[in-house]
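J.: This is the structure I have questions about; it appears just below.
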Amino acid sequence: MLYLTSRNNLMADAFFILENRLMFASLHGRDADMLAFQAQLQVARDYSADRLGFRQPEDQRIWPMYTTADILSGLSKHVTRYQTHNYGAVTHMFLYATELTEFNREVKSGWVLLDDLSADMDKAVWQCLQELSDVPLLNHWQNCLLAELGADRFIQRFNPAVCERYAMVGIKAAKVEVPADFGDRITDLLRNKSLTSQ
């Protein structure tokens, strides 16, 4: 289902708002509407230009409570164009928070975003964890370590939903953090035989 944006006559097939901050949006619209929107992002001066709402076509509220982003900062964009039969050339813009595409090596954190809702999130999270970890990880440790880190909220999963904390439509995501005591945790799990070397 396509959502309408609160301004500029744009449509969104996917978006992610986390605690009122726009993290990701896949927007479609005519060139003029998209250019006007980009200009507003560059010179946002009044409050209304600093927010972006997503609403279903039948919703009359311009700024729906849980699907409006009040913070539109730290965003990068990627723009393409495609031809349609009925509407001619349409512009497709991805807006995304930089931290979604770059690992933070200092604090050892990263994000995984999947546009295929049936894809295996555990596999993607495990690959992210292996990339962030200073400790080599054996593949058969996956289930144990993901459960351990998930229980302590070092792995936070965001499934498609609209709720008070976040709104996610058309994608799913996970935030992965490596705790400072990760090496000690692995040692303890090896000692109590929750993890094995083979």
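J.: Contact list please: Cβ distance under 7 Å, first residue in segment 17-46 and more than 27 Å from residue 114 (Cα to Cα), second residue surrounded by fewer than 14 Cβ atoms within 10 Å (Cβ to Cβ) and of a type outside the set (A, V, I, L, M, F, W, C), pairs at least six apart or on different chains.
T.: Here the result reads 33/9, each pair linking segment 17-46 to a residue that is surrounded by fewer than 14 Cβ atoms within 10 Å (Cβ to Cβ) and of a type outside the set (A, V, I, L, M, F, W, C).
J.: Just to be sure I understand, how many residues within segment 94-114 are touching a residue at least 40 places away in the same chain (Cβ under 8 Å), surrounded by 12 or more Cβ atoms within 10 Å (Cβ to Cβ) and out of contact with any strand residue (DSSP E or B) (no Cβ under 6 Å at 6 or more places or on another chain)?
T.: Matching residues across segment 94-114 total 1.
J.: Taking the criterion of being among the aliphatic types (A, V, I, L, M), surrounded by 19 or more Cβ atoms within 10 Å (Cβ to Cβ) and assigned to a helix (DSSP H, G or I), would at least one residue in segment 170-185 satisfy it?
T.: No: zero hits.
J.: Please verify whether segment 113-122 includes one or more residues that are in contact with a Lys or Arg (Cβ under 7 Å, 6 or more places away or on another chain), part of a strand (DSSP E or B), closer than 30 Å to residue 9 by Cβ and hydrophobic (A, V, I, L, M, F, W, C).
T.: So far as segment 113-122 goes, yes, one or more of its residues are in contact with a Lys or Arg (Cβ under 7 Å, 6 or more places away or on another chain), part of a strand (DSSP E or B), closer than 30 Å to residue 9 by Cβ and hydrophobic (A, V, I, L, M, F, W, C).
So that you can scan it fast, the table gives a plain yes or no per residue for (1) loosely packed, with under 14 Cβ neighbours inside 10 Å; (2) of a type in the set (S, T, N, Q); (3) not in a helix (DSSP H, G or I):
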site	(1), (2), (3)
1	yes, no, yes
4	no, no, yes
9	yes, yes, yes
37	no, no, no
59	yes, no, yes
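J.: Give segment 30-81 a look and list any residue that's small (Gly, Ala, Ser), more than 11 Å from residue 7 (Cβ to Cβ), touching a strand residue (DSSP E or B) at 6+ places or on another chain (Cβ under 9 Å) and modelled with pLDDT of 90 or more, or say none.
T.: 69, 76
J.: So how many residues does segment 71-87 have that are surrounded by 10 or more Cβ atoms within 10 Å (Cβ to Cβ) and not β-branched (Val, Ile, Thr)?
T.: Final tally of qualifying residues: 9.
The values are calculated or read from the model by the stated rules, or taken from the named source; none is laboratory data. Just so we're clear, the structure is a prediction, and the values are computed from it rather than from any experiment. Glycine gets a Cβ as well: all are built from the backbone with ideal geometry, and neighbour counts include every protein chain shown.
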